[in-house]
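Notes to accompany the following structure.
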Amino acid sequence: MLKKIISGAQTGADRAAIDAAMDASFPYGGYIPKGRIAEDGIIPEKYSNLKELPRRDYISRTRKNIEVSDGTVVLHRGIYGRGTEYTIDYAKKIGKPVLNIDLSKVSMVEAREILLEFIESNNVEVLNVAGPRLSISPEIYSLVYRLLTSILL
């Protein structure tokens, strides 16, 4: 049973996950780089449950969120950057369950069913949500937000 959503709070998929959890009054968290850095500048203080790491790099953040989660879902629309690719590779490398959903190939209803099945079959209590940043996929925020609120509300 899902108990917490985490992400690195980058713009796009990550931030949508945190916002969906907050709006649903669902527990959230995650690790972020030192200085609260993100593509859009500084991650706002309203995301108070996020923990800063001692290093100012995205790789450390990505690794830590994968390591502390029970599973990672990568949500995208067929295109993503090196960071998302690294997320998939690192989760596989350390033997953590990872689900890759291309939202351009499945409906929201199908994506919801696939994600719920992943959570159940892998006993995911802490779900790490990842995907492209806003500059790579401008529409990803709204899609991830809609998908996760359909699960959390």
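Readers should treat all values here as calculations from the given coordinates under stated rules, not as data from a laboratory. What you see is a predicted model, and the numbers here were worked out from it, not measured in a lab. No Cβ is skipped: glycine too gets one built from the backbone with ideal geometry, and neighbour counts run over all protein chains shown.
Structure summary
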| quantity | calculated |
| --- | --- |
| Pick from the stretch 63-78, criterion touching a strand residue (DSSP E or B) at 6+ places or on another chain (Cβ under 8 Å) and among the charged types (D, E, K, R), ranking: nearest to A9 (Cα to Cα) | K64 |
| Any hit, the stretch 81-104, residues being touching a helix residue (DSSP H, G or I) at 6+ places or on another chain (Cβ under 8 Å), among the small types (G, A, S) and over 14 Å from A17 (Cβ atoms) | yes |
